[in-house]
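Below is one structure, written out as structure tokens; comments come after it.
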Amino acid sequence: MPDEPTLGEVMRRLEDVRTDLKDDFRELGHRLDSKVSLERYQLEQLARDEALKVVIERVKGIEEAREQAATRRREEEQRAADRRATDRRLIFSALIAPILMLVLTVYLSAQGAGA
């Protein structure tokens with residue numbers, strides 16, 4: 001009968017199995033405790049989605065503000081260019097045209113006086 005285990009060996013093996021099962025159940029319980037409930041997971045997803053929406057809205061706001069600033073800058077540059085063109089026409093009509101008229105008058109007077 002040497003092939004059959006003794007009663008003490010059977011008890012030790014059962015105690016080892018019992019200890020292993022206790023450890024396995026403890027580990028399983030710990031793993032289940034660390035899991036997040038579906039409700040909490042959904043709430044966290046909703047919170048993340050809301051935060052993402054806020055960030056997207058802020059980015060859109062910043063982009064719109066930059067576009068508006070660029071549009072205003074282009075309009076101001078166009079107004080400045082128009083103002084410079086107007087100033088050039090004014091300078092021509094106010095200063096250069098009378099000087100040309102005076103030179104033409106003097107020239108014609110010199111031609112008429114010599115004839």
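Is the range 37-48 home to any residue that is at pLDDT 90 or above and among the polar types (S, T, N, Q)? Within the range 37-48, one or more residues are at pLDDT 90 or above and among the polar types (S, T, N, Q).
Close contacts from the range 41-70, counting a first residue that is of a type outside the set (Lys, Arg) and a second that is at pLDDT 95 or above and surrounded by 10 or more Cβ atoms within 10 Å (Cβ to Cβ), with Cβ to Cβ under 9 Å and a gap of 6+ residues or different chains, come to none at all.
The values are calculated or read from the model by the stated rules, or taken from the named source; none is laboratory data. Computed from a predicted structure; not experimentally measured. Glycine also receives a Cβ, built like all others from the backbone with ideal geometry; neighbour counts cover every protein chain displayed.
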